[in-house]
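Engineer: Input: one structure, supplied below.
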Amino acid sequence: MIGILKKFWFVVLVGVLFLSAIVYFVYDDNKDKVGGKTENGQDVVYSINDDNITADEFYDEMFEATGIAGIYQFLSKTVTDASVETTDEMIEGAKLNAESVIEQFKSQYGIDYEAALTQSLQGLGYDSIDDLQEYFVNLGKSQMFITDYINANVDTIYPEYEEASKPRALSHILVTMVDSSNPTEEELAKVKAVEEALAAGTEFGAVAYEFSDDTASAVENGSLGLTDANTEFVPEFLAASLLLAEGEVSEWVKTDYGYHMIKCDAVGYEKLSTDYKDQLLQGMLTFNPFIEPQAIWAKSQELGVTFANEQIESDLKEFMQVDQGDAE
Amino acid sequence: MKKLLILCASLLLITGCSDANANVSNPTESLITVGDHSYTKGEMYNFMMSQGPDYFVISQAQEIIANAQVEVTDEILATVDETIESYKQMLGDSLVMYINQMGYEDEEAFKEALILNEQMIIITETKVTEKFEEYSATYAPRQIQIATFASQEDANSALASMNEGTSFADAAKEFKSTVGTDTLTITNQDAYPTNVLFAINSLEKDTLSEVVAGDDEKSFYIVKMINNDPNEFTEAAVEKIAQLETIVNSTITTLFEDFNFAVYDKRLHDAVSTNFPDLLK
């Protein structure tokens with residue numbers, strides 16, 4: 001043996017070095033890996049004080065906290081996917097949105113953007129960045145599904161929203177004041193100029209365009225878009241605007257910003273849904289956040305839904321605020 | 001030679017081993033089916049493992065540790081009930097919304113969290129008591145009264161009055177101290193201006209500081225040292241030190257070590273490593 005070693009010492013040396021490298025490579029590659037554990041054939045998730053918590057036990061505990069949200073997410077995705085056809089336009093839009101989001105994440109997270117984006121997607125029930133485009137397609141389909149549902153049920157949904165929230169399209173003319181309780185001569189002169197222009201028959205929008213100090217709305221002829229009782233206006237402005245009938249113009253309304261003259265441009269579903277479709281949809285969903293789950297539930301009944309047990313069904317209905325009667 | 005080659009090949013095979021991911025025992029069991037699409041237990045498990053499982057596990061583990069160390073006594077329950085009652089008086093009908101915003105499903109879940117908190121306080125205070133001498137030397141607990149004034153003139157007048165025999169509280173009130181003058185138990189971790197901390201470190205028991213300017217020189221302070229020997233106010237000192245963030249964190253870390261906390265799922269391990277790195281060995 002010693003003779004062989006002496007004769008082939010170089011080969012032995014190379015072999016020992018090679019073997020050492022492999023051993024080190026194996027050690028280095030595995031040292032940070034997470035080892036598994038089982039107990040009675042079940043995977044263990046973690047252990048504390050020599051108690052092994054199995055995946056099944058962990059599942060039961062977590063399901064109590066977050067399970068129904070996951071089931072609703074699945075139900076929502078499946079129902080909207082089955083209800084709305086995927087169009088080329090949706091796919092193209094989703095592709096652009098996905099590219100934009102990736103750029104945003106790159107800008108915010110740098111080289112770690114993939115991990116951050118993947119984590120965000122997993123929280124929404126998707127697996128990886130490859131699913132980002134699918135997420136946007138599903139989002140578009142979900143919005144279309146809800147819009148279709150609301151349009152089909154507007155006679156039952158809209159009246160309650162209208163009575164409670166008084167949606168309307170508004171415009172305004174603002175004369176900014178340093179202290180609206182003590183307007184300066186210059187400020188009052190502008191107020192007078194507005195009044196004279198309106199009295200002369202100039203359209204409200206044109207007067208707003210020329211005189212209003214709210215430059216963002218002035219370029220839109222004073223338009224503030226669709227508002228309702230939940231819109232975050234200062235209280236005096238909101239209160240005055242909700243009292244106006246269609247076409248009516250308020251007296252000057254005093255706020256901390258100055259004097260406002262408000263015009264109600266339109267009320268009623270027909271006009272608002274034509275010119276302010278997205279805002280009206282959002283307003284109704286803000287007023288009643290359970291419109292969407294109720295729509296999902298109604299469609300799921302058409303498609304046929306079954307549950308593993310009654311508890312899941314009962315918990316899901318409670319989560320979605322769907323009564324027993326709605327299921328029948 | 002052949003054996004050597006087999007050994008090398010075996011070693012290389014081991015490098016192909018992946019991290020472990022624990023899974024439920026019946027992952028293909030359907031939970032809900034819509035049309036011909038099913039959502040299985042395995043998919044649900046993967047979804048839940050992406051919803052912050054580390055916070056859930058740490059909370060669960062902490063509960064196991066706390067229950068092993070501290071029994072839930074009637075006294076603890078009474079304290080918790082009192083706390084909830086005071087929340088109810090403060091928030092009225094908004095209590096449920098407040099509880100939900102804090103992340104608790106209902107009042108019962110909130111109560112459980114408060115019980116756990118009480119247990120952890122007891123555990124931490126026990127640890128502080130065991131190492132009282134060491135922690136006292138490190139964190140220098142003191143009992144003081146402190147008055148804050150908006151002007152040096154008021155502070156000077158208050159100090160003169162105190163030196164003539166007026167009580168600290170009366171003199172502070174007379175010259176418009178902007179803070180209360182109750183006896184406070186503090187440590188060197190409390191956020192006082194530099195000059196105030198210096199004064200606290202140098203005062204003997206039952207002595208007054210000079211008027212001390214704050215860092216911005218817009219506030220002026222007088223400090224009275226009530227007691228600079230922590231052994232004479234042990235309970236208050238223990239309570240104060242046990243509230244320090246470093247002490248709370250080190251207590252939890254030590255507990256997790258002592259109770260051999262270990263994770264056997266890669267996803268959970270990564271999440272805990274990111275948010276609670278000190279709790280993994």
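Engineer: Could you please let me know if A:Gly36 is outside any strand (DSSP E or B) and within 13 Å of another protein chain (Cβ to nearest Cβ)? Explain how you work it out, then say what you get.
Structural biologist: On the way: outside any strand (DSSP E or B): yes; within 13 Å of another protein chain (Cβ to nearest Cβ): yes.
The answer is yes for A:Gly36.
Engineer: Take A:Val44 and tell me if it is among the aliphatic types (A, V, I, L, M), surrounded by fewer than 19 Cβ atoms within 10 Å (Cβ to Cβ) and facing chain B (nearest Cβ under 7 Å). Working first, answer last.
Structural biologist: Numbers: among the aliphatic types (A, V, I, L, M): yes; surrounded by fewer than 19 Cβ atoms within 10 Å (Cβ to Cβ): no; facing chain B (nearest Cβ under 7 Å): yes.
Taking the combined requirement at face value, the residue does not satisfy it.
Engineer: So is A:Thr78 of a type in the set (Ser, Thr, Tyr), touching a Gly at 6+ places or on another chain (Cβ under 8 Å), crowded, with 18+ Cβ neighbours inside 10 Å and at the interface with chain B (Cβ under 10 Å from one of its Cβ atoms) or not?
Structural biologist: Details: of a type in the set (Ser, Thr, Tyr): yes; touching a Gly at 6+ places or on another chain (Cβ under 8 Å): yes; crowded, with 18+ Cβ neighbours inside 10 Å: yes; at the interface with chain B (Cβ under 10 Å from one of its Cβ atoms): yes.
For A:Thr78, the condition - of a type in the set (Ser, Thr, Tyr), touching a Gly at 6+ places or on another chain (Cβ under 8 Å), crowded, with 18+ Cβ neighbours inside 10 Å and at the interface with chain B (Cβ under 10 Å from one of its Cβ atoms) - is met.
Engineer: For A:Thr86, which of the numbered conditions (1) open to solvent by less than 100 Å² (accessible area, probe 1.4 Å); (2) away from chain B (no Cβ under 12 Å); (3) farther than 29 Å from B:Met49 by Cα; (4) in a helix (DSSP H, G or I) fails to hold?
Structural biologist: (4)
Engineer: Taking B:Ala262, is it within 14 Å of chain A (Cβ to nearest Cβ), without any contact (Cβ under 8 Å) to a residue 40 or more places away in the chain and aliphatic (A, V, I, L, M)? Give the steps one after another, and end with the answer.
Structural biologist: On the way: within 14 Å of chain A (Cβ to nearest Cβ): yes; without any contact (Cβ under 8 Å) to a residue 40 or more places away in the chain: yes; aliphatic (A, V, I, L, M): yes.
Yes; evaluated as a whole, the condition is true for this residue.
Engineer: Can you tell me which residue is nearest to the other protein chains (Cβ to nearest Cβ) among those in the range B:53-83 that are in contact with an Asp or Glu (Cβ under 9 Å, 6 or more places away or on another chain) and outside any helix (DSSP H, G or I)?
Structural biologist: The qualifying residue nearest to the other protein chains (Cβ to nearest Cβ) is B:Val70.
Residue-wise test of (1) in the same structural domain as B:Val211 (by TED's automatic domain parsing); (2) closer than 27 Å to B:Phe259 by Cα; (3) surrounded by 14 or more Cβ atoms within 10 Å (Cβ to Cβ); (4) in contact with a helix residue (DSSP H, G or I) (Cβ under 9 Å, 6 or more places away or on another chain).
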| residue | (1), (2), (3), (4) |
| --- | --- |
| B:Val80 | no, yes, yes, yes |
| B:Lys88 | no, no, no, yes |
| B:Met102 | no, no, no, yes |
| B:Ile121 | no, yes, yes, yes |
| B:Ser161 | yes, no, yes, yes |
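Engineer: Of the conditions (1) of a type in the set (A, V, I, L, M); (2) open to solvent by 20 Å² or more (accessible area, probe 1.4 Å); (3) at pLDDT below 90, A:Leu121 fails just one. Which one is it?
Structural biologist: For A:Leu121, the failing item is (2).
Engineer: Follow-up. Do any residues in the range B:164-189 that are in contact (Cβ under 8 Å) with a residue 12 or more places away in the chain have Cβ atoms under 9 Å from those of residues that are surrounded by 15 or more Cβ atoms within 10 Å (Cβ to Cβ) and of a type in the set (Asp, Glu), where the two are at least six apart or on different chains, and which pairs are they?
Structural biologist: Sorted first by the residue in the range B:164-189, then by its partner, the pairs are B:Phe175/B:Asp154; B:Lys176/B:Asp154; B:Ser177/B:Asp154; B:Leu184/B:Asp190; B:Thr185/B:Glu239.
Engineer: Still on this structure, I have one more. So B:Glu105 ticks every box in (1) part of a helix (DSSP H, G or I); (2) more than 17 Å from the chain's Cα centre (by Cα); (3) without any contact (Cβ under 8 Å) to a residue 12 or more places away in the chain but one. Which box is left unticked?
Structural biologist: For B:Glu105, the failing item is (1).
Engineer: Let me ask something else about it. Hey, can you tell me all the residues within the range B:38-52 that are more than 7 Å from chain A (Cβ to nearest Cβ) and closer than 17 Å to A:Ala115 by Cα?
Structural biologist: B:Asn46, B:Met49, B:Gly52
Engineer: Search the range A:1-15 for residues being open to solvent by less than 80 Å² (accessible area, probe 1.4 Å) and β-branched (Val, Ile, Thr), and hand back the single one that is farthest from the chain's Cα centre (by Cα).
Structural biologist: In this case the residue turns out to be A:Val12.
Engineer: Separate question: Might you check whether a residue that is out of contact with any Phe, Trp or Tyr (no Cβ under 7 Å at 6 or more places or on another chain), touching a residue at least 40 places away in the same chain (Cβ under 8 Å), over 27 Å from A:Thr286 (Cβ atoms) and surrounded by fewer than 17 Cβ atoms within 10 Å (Cβ to Cβ) occurs anywhere in the range A:161-180?
Structural biologist: no
Engineer: Same structure again: Residue by residue through the range B:237-271, note down the ones that are open to solvent by 70 Å² or more (accessible area, probe 1.4 Å), of a type in the set (Ser, Thr, Tyr) and under 18 Å from A:Asp50 (Cα atoms).
Structural biologist: none
Engineer: Of the conditions (1) within 30 Å of A:Leu121 (Cβ to Cβ); (2) surrounded by 18 or more Cβ atoms within 10 Å (Cβ to Cβ), A:Glu64 satisfies every one except a single condition; which number is it?
Structural biologist: (2)
Engineer: Sort out which residues of the range B:235-253 are among the β-branched types (Val, Ile, Thr), touching a residue at least 60 places away in the same chain (Cβ under 8 Å) and more than 14 Å from chain A (Cβ to nearest Cβ), and write them in order of number.
Structural biologist: At the first step, the residues of the range B:235-253 found to be among the β-branched types (Val, Ile, Thr) are B:238, B:241, B:246-248, B:251-253.
The next check asks that each one be touching a residue at least 60 places away in the same chain (Cβ under 8 Å); those that pass are B:238, B:241, B:247-248, B:251-252.
Once the filter is applied, which keeps residues that are among the β-branched types (Val, Ile, Thr), touching a residue at least 60 places away in the same chain (Cβ under 8 Å) and more than 14 Å from chain A (Cβ to nearest Cβ), the range B:235-253 yields B:Val238, B:Ile241, B:Ile247, B:Val248, B:Thr251.
The values are calculated or read from the model by the stated rules, or taken from the named source; none is laboratory data. Please read these numbers as outputs of a predicted model, since none were measured by experiment. Note that each Cβ is placed from the backbone with ideal geometry, even for glycine, and that neighbours are counted across all protein chains shown. When the accessible area is computed, the model is the full protein with side chains, heavy atoms only, and any ligands, DNA or RNA have been set aside. Shrake-Rupley method; radii C 1.70, N 1.55, O 1.52, S 1.80 Å.
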